[in-house]
1. Just checking, how many residues over the stretch 36-76 are surrounded by 15 or more Cβ atoms within 10 Å (Cβ to Cβ), free of Cβ contacts under 8 Å to residues at least 60 places away in the same chain, in contact with a strand residue (DSSP E or B) (Cβ under 7 Å, 6 or more places away or on another chain) and closer than 14 Å to residue 3 by Cβ?
2. Please enumerate the residues belonging to the stretch 38-63 that are out of contact with any helix residue (DSSP H, G or I) (no Cβ under 8 Å at 6 or more places or on another chain) and either part of a loop (DSSP other than H, G, I, E, B) or at positive phi (or both).
3. Let me spell it out: the conditions are (1) assigned to a strand (DSSP E or B); (2) surrounded by 15 or more Cβ atoms within 10 Å (Cβ to Cβ); (3) without any contact (Cβ under 8 Å) to a residue 40 or more places away in the chain, and residue 13 meets all of them except one. Which number is the exception?
C-alpha cells in the first residue's frame, strides 16, 4: 500500500501526515508514506485544495485533516 499526502507543506498538511503516521502505528498496517509537495504533481491528481490523502493512487480525501481513526477506516 502506498499512501501519499498532497500538500505544499502547510500546517494542515503536516498534521495530516502526522495523523497518517499515527494511524499506521496504531493499526500496524505496513504501508509506504510519501509527501507530494510539487504543485504540478498535486494538480495531476485533480486536487485543487490541500491537504489531500491518496491511497494506492486513489484520492480519498481533499481539504480535510482526517483523524487517525478516520484514516484507519480508509486503510483497513
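1. Residues in the stretch 36-76 being surrounded by 15 or more Cβ atoms within 10 Å (Cβ to Cβ), free of Cβ contacts under 8 Å to residues at least 60 places away in the same chain, in contact with a strand residue (DSSP E or B) (Cβ under 7 Å, 6 or more places away or on another chain) and closer than 14 Å to residue 3 by Cβ: 11 in total.
2. 38, 45, 46, 47, 48, 49, 56, 57, 63
3. (1)
FYI, it's all coordinate maths here, none of it is from the lab. Computed from a predicted structure; not experimentally measured. Heads up, the Cβs are rebuilt from the backbone with ideal geometry, glycines too, and the neighbour counts pull from every protein chain shown.
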